[in-house]
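Take a look at the structure set out below.
The values are calculated or read from the model by the stated rules, or taken from the named source; none is laboratory data. Since the structure is predicted, the reported quantities are computational estimates derived from the model, not experimental observations. Reconstructed Cβ throughout: ideal geometry from the backbone, glycine too, with neighbour counts over all protein chains shown.
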Amino acid sequence: MTTNIVQKNNRPVFPFTAIVGQDEMKLALALNVIDPKIGGVIIMGDRGTGKSTTIRAIADILPEIEVVADDPFNSDPTDFELMSDEVRQILEAGNTVSTSSKKVPMVDLPLGATEDRVCGTIDIEKALTEGVKAFEPGLLAKANRGILYVDEVNLLDDHLVDILLDSAASGWNTVEREGISIRHPARFVLVGSGNPEEGELRPQLLDRFGMHSEIRTVRDPELRVHIVEQRSDFDKSPQECLKKYQEQQDSFKRTIVDAQKRLPETNIDYDLRVKISQVCGELDVDGLRGDIVTNRAARAHAAYQGRTEVTVDDIKSVITMCLRHRLRKDPLETIDSGDKVQKVFDEIFG
């Protein structure tokens with residue numbers, strides 16, 4: 001039985017399936033949810049193009065996850081990679097833990113956040129006087145198994161962006177202070193958004209994001225009118241709007257769950273992997289991150305489409321988003337719109 005979305009939230013969220021005109025951004029988010037190891041997505045585009053709305057909408061639609069009850073890290077009760085050391089020790093000792101279900105966490109990282117707020121802090125006084133590791137979890141702990149969203153990521157301090165990217169890549173956060181060290185799982189989908197007019201991220205940081213989605217203002221007048229009407233209808237009566245899209249929302253949720261289950265069985269042919277690496281070589285992409293992300297995203301796309309074998313069309317659908325932001329060597333250059341990637345793709349894949 002489907003539970004009405006409004007009943008589960010105090011504040012209704014605009015339905016993900018109702019968002020039109022931003023297909024690239026929606027696809028990038030869906031693929032990262034299917035396989036968080038893709039490495040997140042940075043969404044750059046004009047103001048007022050629905051970046052924040054879309055990100056909140058996909059977090060709202062995702063199926064609930066099972067967590068260890070009252071655990072500050074949203075520990076998975078079965079997967080050692082997604083549980084805290086304390087929970088793992090309890091299970092390894094042969095004891096059981098109580099579990100509960102909760103919505104996928106969606107954590108906003110404010111621009112003014114400090115490193116302590118992001119990573120968490122250790123209470124040294126308590127540790128020394130009581131002999132316990134007193135740890136106050138930060139935003140990375142709350143975001144484990146969820147989505148960590150940074151609006152205006154291009155204005156965030158480079159040092160903090162580095163910390164976020166390191167945690168997203170390793171799946172763990174380690175806090176060290178005065179000889180005391182605490183680590184906890186921090187596997188999340190990192191989503192950054194921003195307006196390129198306010199500055200770009202350094203190429204070294206850009207390269208660490210799995211995908212790059214470019215958003216442009218919709219120019220078609222009829223589509224613009226349709227979007228404005230949709231938003232007005234939602235603001236007027238959120239319940240009616242959500243009811244109208246409930247079937248599509250449920251269908252999308254099932255598609256995501258099926259794709260997540262199908263992903264481990266999804267294969268990409270050796271010849272296709274070689275051609276992906278040829279494209280990366282031809283485009284002079286530094287390192288192997290571009291090759292790895294394109295392979296992962298192509299597999300996630302095939303699973304999303306209901307298949308276990310990757311096709312050339314799967315690669316074509318994702319390769320621009322996986323590579324366009326890796327072509328910029330000079331911080332003063334602008335990011336390629338994708339034409340260069342598509343041109344080389346067409347040459348190599350025919």
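Scanning for something touching a Phe, Trp or Tyr at 6+ places or on another chain (Cβ under 7 Å), touching a residue at least 40 places away in the same chain (Cβ under 8 Å) and under 24 Å from Glu64 (Cβ atoms), does the stretch 163-176 turn up at least one residue?
Within the stretch 163-176, one or more residues are touching a Phe, Trp or Tyr at 6+ places or on another chain (Cβ under 7 Å), touching a residue at least 40 places away in the same chain (Cβ under 8 Å) and under 24 Å from Glu64 (Cβ atoms).
Please go through (1) surrounded by 13 or more Cβ atoms within 10 Å (Cβ to Cβ); (2) farther than 26 Å from Asn32 by Cβ for Phe188 and return the number of the only condition it doesn't satisfy.
(2)
When you look at Val97, is it assigned to a loop (DSSP other than H, G, I, E, B) and under 15 Å from the mean Cα position of the chain (by Cα), yes or no?
no
So, Ser75, is that one at pLDDT 90 or above, within 20 Å of Pro185 (Cα to Cα), under 25 Å from the mean Cα position of the chain (by Cα) and not assigned by TED's automatic domain parsing to the domain that holds Ala57 or not?
yes
Counting only residues that are in contact (Cβ under 8 Å) with a residue 60 or more places away in the chain, in contact with a helix residue (DSSP H, G or I) (Cβ under 6 Å, 6 or more places away or on another chain) and of a type outside the set (Asp, Glu), how many does the stretch 257-284 have?
7
Would you say Gly120 is touching a Leu at 6+ places or on another chain (Cβ under 8 Å) and more than 26 Å from Leu29 (Cβ to Cβ)?
It is true that Gly120 is touching a Leu at 6+ places or on another chain (Cβ under 8 Å) and more than 26 Å from Leu29 (Cβ to Cβ).
What's the total number of residues in the stretch 8-40 that are assigned to a helix (DSSP H, G or I) and of a type outside the set (Ser, Thr, Tyr)?
Selection size over the stretch 8-40: 18.
Given the residues Ala113, Ala141, which is the only one that is in contact (Cβ under 8 Å) with a residue 40 or more places away in the chain and part of a loop (DSSP other than H, G, I, E, B)?
So the residue among Ala113, Ala141 that is in contact (Cβ under 8 Å) with a residue 40 or more places away in the chain and part of a loop (DSSP other than H, G, I, E, B) is Ala113.
Across the stretch 209-258, which residue is nearest to the chain's Cα centre (by Cα) among those that are aliphatic (A, V, I, L, M), modelled with pLDDT of 90 or more and within 30 Å of His325 (Cα to Cα)?
Met211
In this structure, is Asp123 at pLDDT below 90 and acidic (Asp, Glu)?
Yes: the conditions hold for Asp123.
For the list (1) buried (at least 21 other Cβ atoms within 10 Å of the Cβ); (2) over 25 Å from Ser251 (Cα atoms); (3) of a type in the set (Val, Ile, Thr); (4) without any contact (Cβ under 8 Å) to a residue 60 or more places away in the chain, I need the number of the one condition that Thr54 fails.
The single condition Thr54 does not satisfy is (2).
Condition (residue is surrounded by 14 or more Cβ atoms within 10 Å (Cβ to Cβ), more than 27 Å from Arg177 (Cβ to Cβ), touching a strand residue (DSSP E or B) at 6+ places or on another chain (Cβ under 7 Å) and of a type outside the set (Lys, Arg)) applied to the stretch 127-136: is it met by at least one residue?
Within the stretch 127-136, not a single residue is surrounded by 14 or more Cβ atoms within 10 Å (Cβ to Cβ), more than 27 Å from Arg177 (Cβ to Cβ), touching a strand residue (DSSP E or B) at 6+ places or on another chain (Cβ under 7 Å) and of a type outside the set (Lys, Arg).
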